[in-house]
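The numbers here are math on the coordinates, done by the rules we state, and not lab data. All figures in this text were calculated on a predicted structure; none of them were measured in a lab. No Cβ is skipped: glycine too gets one built from the backbone with ideal geometry, and neighbour counts run over all protein chains shown.
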Amino acid sequence: MKLQRLFILVAVVLLPLGATRAASEAPETLIAKALREVRAFDFKNGYRLYSRALAKTGKGSELWQTAIFGKAVCALQISPPTRKLNEEASQLFRRLLAAAPKSRYATRAQMNLARIAEMIDYGGDKPDVEEARKLYQKVIDTYPDKPIAGEATLRLAATYIRTYKKKQVLKGIDILKKWLAGHADDFLATTMWQYAAEAYLRPLNDYVNSLECYAKAEALGLAEKGREGRLFWRIARMAHRLMDRYKQSGKTNRAAIYRDKAIAYYTKIIKVAPRSGKAYESQIYLKALGAPVPKIRLSERLAAIRKQPASVPAGKKVSK
């Protein structure tokens, strides 16, 4: 009788433990745990947890979509990267797209396939730029009204611009301009105009078009907040060189246009970005151009610090 009671007691104690374990192995719980690991940049644990969750979900379900996408992303992020993990990630993304083409993860899965094709992910990996271009274009064609289409356009253009070959660079710039003509309010519009400006500058040395693109980027708000001084200096120097070029060729009206632009940006550096490292040089160029030279006014905080007496090491007295 006592033995029977003991078995009943043990069963009663173990029953909730078994239920707790079952709950901890529920796919929803595993996915939540995996997400916490990913947020902590522990992709190996995230990968294992998403794998367990995937095995417990029905193909095509919302949980299955989350688990397979999460597992694929973790496979790409595990360090060191390997060919096996890279290929597995590709397979997982393709399985997701085949089973759930309208999944909320479909756009990013498609983009990730393009990135895998384009990038060197592990030692010995050979990028397939042509495949990447096809996949980027597929993203643009499949999701034309989604923000990811703009990102795909930027990345597609970059595959041409990064070759540094004139025809290819011009093609990349053309891709950006055509997209912007119909998507002026794209969230990446500033970045696109700025990228086009930099491509015109290097390797094409086309200052005129570069300045035009920079002007459009600035009108939308420059992408590099806090680093305007570097860009203003680049714009000022290009304008100054164009002024000299047109002056030498006798095109005084054009020279005057770029003189005014150079003066405007030298002045901006002094007033907007006095701590950029180029304010003093801007003063020198303004003086040479016969333009008003603003004073360099640093922030009140910095000025206050400079007025403070030098600190005295502990234990030492200040001599009177």
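Remarks
- Taking every C-alpha pair closer than 8 Å and separated by at least 6 residues, the mean separation divided by the residue count of the stretch 128-223 gives a relative contact order of 20 percent.
- Per residue, the convex hull volume that the Cα atoms of the stretch 160-270 enclose (Å³): 104 Å³
- ARG94-VAL272 pseudo-label distance in nm [points 7 Å out on the Cα-to-Cβ vector]: 4.9 nm
- Loop trypsin sites (Lys or Arg not before Pro), the stretch 80-120 (other Cβ atoms within 10 Å of the site Cβ: 10 or fewer; DSSP): LYS102
- Percent of alpha-carbon pairs separated by more than 22 Å within the stretch 26-100: 15 percent
- Computed FRET value (nearest 0.05) for ARG230 with ARG83, which takes r as the C-beta separation and R₀ as 41 Å: 0.55
- Computed over the stretch 128-223, the quotient of the alpha carbon radius of gyration and 2.2 N^0.38 Å is 1.03.
- Residues TYR143, TYR258, sorted so that the one with the fewest Cβ neighbours within 10 Å comes first: TYR143, TYR258
- Exposure proxy shown here: for MET111, MET192, the number of other Cβ atoms within 10 Å sets the order, fewest to most, as MET111, MET192.
- Calculated mean residue ellipticity, 222 nm, the chain: -23500 deg cm²/dmol, from DSSP H runs (n ≥ 4) at -39500 (n - 2.57) each, averaged per residue and rounded to 500.
- Summing Lys and Arg as +1 and Asp and Glu as -1 over all other residues whose Cβ lies under 10 Å from the Cβ of LYS56 gives a net charge of -1.
- On full extension, the segment bounded by LYS146 and GLN168 gains 5.3 nm, given 0.36 nm per residue less the C-alpha separation.
- Viscosity 0.692 mPa s, temperature 37 °C, Stokes-Einstein D of the chain from Kirkwood C-alpha radius, µm²/s: 132 µm²/s
- Among THR252, THR163, the ranking by other beta carbons within 10 Å of each residue's beta carbon, starting with the fewest, stands as THR252, THR163.
- Charge dipole of the chain about the Cα centre (unit charges at C-beta), most positive-ward option of TYR50, PRO101, THR191: THR191
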